[in-house]
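The values are calculated or read from the model by the stated rules, or taken from the named source; none is laboratory data. All of these numbers come straight from a predicted model, not from anything done at the bench. No Cβ is skipped: glycine too gets one built from the backbone with ideal geometry, and neighbour counts run over all protein chains shown. With ligands, DNA and RNA removed, areas are computed over all heavy atoms of the protein, side chains included. Shrake-Rupley method; radii C 1.70, N 1.55, O 1.52, S 1.80 Å.
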Amino acid sequence: MKRYEQFADEIAALIREGVISPGERIPSVRQASRHHGISPSTVFQAYYLLENQGLITARARSGYFVREHAQRLWDEPRVTLQYADPAEVEVSELAFSVLDSLQDTQTVPFGSAFPSPELFPLSRLSTSMTRGLRALSPQQLVADMTAGHTDLRRQIGLRYMLGGIQRPIEELVITNGAMEALNLALQCVTQPGDLVAVESPAFYATLQVLERLKLRAVEIPVHPREGIDLEVLAERLESLPIKACWFMSHLQNPLGASLSKERKRILYQLLKQHQVPMLEDDVYAELYFGSVPPVSVKAFDDEGLVIHCSSFSKCLAPGYRVGWVAGGRYAKAISRLKLMTTISPSIPAQAAIADYLQHGGFDRHLRKLRHALEAQQASMLAAADRYFPAQTRITRPAGGYFLWVEFPEHIDSLRLFTMALDHGVSIAPGPIFSATQQFRHCIRLSYGHPWTASSERGMETLGKLLQSKRRLE
């Protein structure tokens, strides 16, 4: 065990034993370095690890604090993926059944893939739309149709630059959400029947795209905290004719796992060695809880191999369906394919977001959103502690709005899904996140909605259903 890991374990033990209470400030980097005789960089590494474990959080200009409900240290879910040959994908029917379960507004939306609209500045966005349309010339309505609204692309380019990535504006194409960006990118780098490396578990929409395009999935296991298994990926790239990779390097859906900066660097070197393009699905990049913004794999891309896709749907404007793609060496092909399909997202929606990014206080909104999501995560974890079986294993991601929950193996999450829905609670069962229908004893829960009495009752209902052992086997 490395020294920073030892120090992190020492702090975690103090939190677990109640020596350092929730909400209490832990020693500063300077104090810890001096008192324990270790370097400041070692302390930083330990604190970053504790952040990733969900035990502490950084507050601007105040230091690090123990998170609420941090004393209950859940065991991590295990990486239990069984090796399977490249597989044809058939998950759509099951995924649609989960989506259908969310149509009833009275259903507790733990199965939702979207955060609550209440968390977003919709009124201020309406003002931005009015301002943006007023400034829009008739010529722009046509000129901006292909690549996207010029001011919006400039604002996105600026955010890339602030993150240390220099992207020419010509590389950016505005799309109908990130899903169109990812669809277009995948079509540009594959043909029907090709092999595509995907995470397992993976976001079910990823699998639906592969199913629609008649591509075969090569499942790569994901560690619930450290992210994709790079050793397995290296072996698959060496032994199989993989044409593309589709990964979430940060706050992966459904696990919430994030690759460290060094592991992202290693991932890119693997891609570069084999000259395999990667679709980087980065829609949760702005939803980190700590003080340090994540670095994308795109930041290491010096050959245009990484096709970086994101959107404003998860962090600002869910109904506006405005995303983008930085296509690297594939930018021109993506732009042409888009012109052949949807031509353009809504210009008014693009104008609204461009104005908001420039004048609306986007970063202030993001700080508020992250704080709300962190509080909602704490509420869900506390409820899980009250109602779920002792053998339950739960992730504790340092951002986003999903928990991956692993129950004892006798629990059938598909039966739990049906029973919970009969009681007015939606969940996302594990098999929809696997091309080979694995993870049958796992579920994904969303804490993306404000915590209410209904949310608490929903967790209590799940807890009672989990006690019905015979009905869930």
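Data for the structure
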read-out	value
All positions within segment 414-441 that are in a helix (DSSP H, G or I) and farther than 15 Å from Pro254 by Cα	Leu414, Arg415, Leu416, Phe417, Thr418, Met419, Ala420, Leu421, Asp422
Checklist (1) buried (at least 17 other Cβ atoms within 10 Å of the Cβ); (2) touching a His at 6+ places or on another chain (Cβ under 9 Å) applied to His410, failing item	(1)
Test: residue in segment 122-141 that is out of contact with any Pro (no Cβ under 7 Å at 6 or more places or on another chain), under 12 Å from Ser346 (Cα atoms), surrounded by fewer than 16 Cβ atoms within 10 Å (Cβ to Cβ) and at pLDDT below 90	yes
Subset tally (residues that are open to solvent by less than 30 Å² (accessible area, probe 1.4 Å) and without any contact (Cβ under 8 Å) to a residue 40 or more places away in the chain) for segment 156-169	1
Among (1) surrounded by 17 or more Cβ atoms within 10 Å (Cβ to Cβ); (2) under 20 Å from Lys243 (Cα atoms) - the single one Arg153 does not satisfy	(2)
Those residues of segment 443-455 which are within 24 Å of the chain's Cα centre (by Cα) and either among the small types (Gly, Ala, Ser) or crowded, with 17+ Cβ neighbours inside 10 Å (or both), in sequence order	Ile443, Arg444, Leu445, Ser446, Tyr447, Gly448, His449, Trp451, Ser455
Segment 16-47 - residue that is among the β-branched types (Val, Ile, Thr) and touching a residue at least 12 places away in the same chain (Cβ under 8 Å) and, of those, nearest to Tyr64 (Cα to Cα)	Ile26
Test for Tyr320: is it part of a loop (DSSP other than H, G, I, E, B), surrounded by 16 or more Cβ atoms within 10 Å (Cβ to Cβ) and either acidic (Asp, Glu) or touching a Ser or Thr at 6+ places or on another chain (Cβ under 8 Å) (or both)	yes
Qualifying positions in segment 170-202 - open to solvent by 30 Å² or more (accessible area, probe 1.4 Å) and within 15 Å of the chain's Cα centre (by Cα)	Met179
Flag if Glu460 is part of a helix (DSSP H, G or I), out of contact with any strand residue (DSSP E or B) (no Cβ under 8 Å at 6 or more places or on another chain) and acidic (Asp, Glu)	yes
Some residue of segment 410-427 being under 30 Å from Val292 (Cβ atoms) and touching a residue at least 24 places away in the same chain (Cβ under 8 Å)	no
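Quick grid of which residues meet (1) closer than 27 Å to Phe439 by Cα; (2) modelled with pLDDT of 85 or more; (3) in contact with a helix residue (DSSP H, G or I) (Cβ under 6 Å, 6 or more places away or on another chain):
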| position | (1), (2), (3) |
| --- | --- |
| Tyr47 | no, yes, no |
| Gln53 | yes, no, no |
| Arg72 | yes, no, yes |
| Gln82 | yes, no, no |
| Asp85 | yes, no, no |
